[in-house]
Amino acid sequence: MIVYNKNVYETTMNILSQNWPIIVSSFVVYVFIIIGLRLFGKKELAQLSVPDLVFVLLISNAVQNAMVGSNTSLLGGLIAASTLFIANYILKYFFYRFSNVQKLIQGEPVLLVYKGKVNEQNLRKSQITINELMETIREHGTSDIKQVDLVMLESDGNISVSTDNFKKHTTVEGIRRKKKHRNFL
């Protein structure tokens, strides 16, 4: 049996009913931004340039008024923030429970390079230039694309690079060699 204080319940319901427009508009803005980012492209999520950062800051400022309206009180801000936290929690729950929802919203990883050969169609579709690709490959310690086994644009916008050198260090034999070298130090 749940016991509750009638005054606390009534006060909470009164606050929620008075601030219902903030809750609804915050949720709508959250969904709109998720859809906009999905349409904008996953490359932008992990690799924020200065213009991208300015864009995100301006978007957040632009939608703030849409969420809270004329209510600039602390309570209005807390209700909007709480709504965003709850909406994000619900979305993550749906990602966990239903993989199709995650694929729909975040997309799937995209193959950019396989065994040293660039998939130019996927590169164009992902709007990644060859210079950006090569920069990422160099950041992973390889300057020759022919040494790259696999490059993936992940669903979160990061680019993963696997090289032959990576395989050497992650094989059972490579791990044994590392252990031997540690014992000598």
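Since every read-out is calculated from the coordinates, none of them should be taken as a lab result. Every value quoted in this text rests on a predicted model; they were computed, and no experiment measured them. For neighbour counting, all protein chains shown are included, and Cβ atoms are generated from backbone atoms with ideal geometry for every residue, glycine included.
The set of residues in region 137-155 being within 23 Å of the chain's Cα centre (by Cα) and either outside any helix (DSSP H, G or I) or crowded, with 16+ Cβ neighbours inside 10 Å (or both) consists of Ile137, His140, Leu150, Val151, Met152, Leu153, Glu154, Ser155. Applying the condition of being over 19 Å from the mean Cα position of the chain (by Cα) and hydroxyl-bearing (Ser, Thr, Tyr) to region 107-136 and asking which residue is surrounded by the fewest Cβ atoms within 10 Å (Cβ to Cβ) yields Thr129.
Do you know which residues across region 86-101 are free of Cβ contacts under 8 Å to residues at least 40 places away in the same chain and surrounded by 11 or more Cβ atoms within 10 Å (Cβ to Cβ)? Let's see the steps before the verdict.
Filtering region 86-101 down to residues free of Cβ contacts under 8 Å to residues at least 40 places away in the same chain leaves 86, 89-90, 92-101.
Answer for region 86-101, where residues must be free of Cβ contacts under 8 Å to residues at least 40 places away in the same chain and surrounded by 11 or more Cβ atoms within 10 Å (Cβ to Cβ): Ile86, Ile90, Lys92, Tyr93, Phe94, Phe95, Phe98, Val101.
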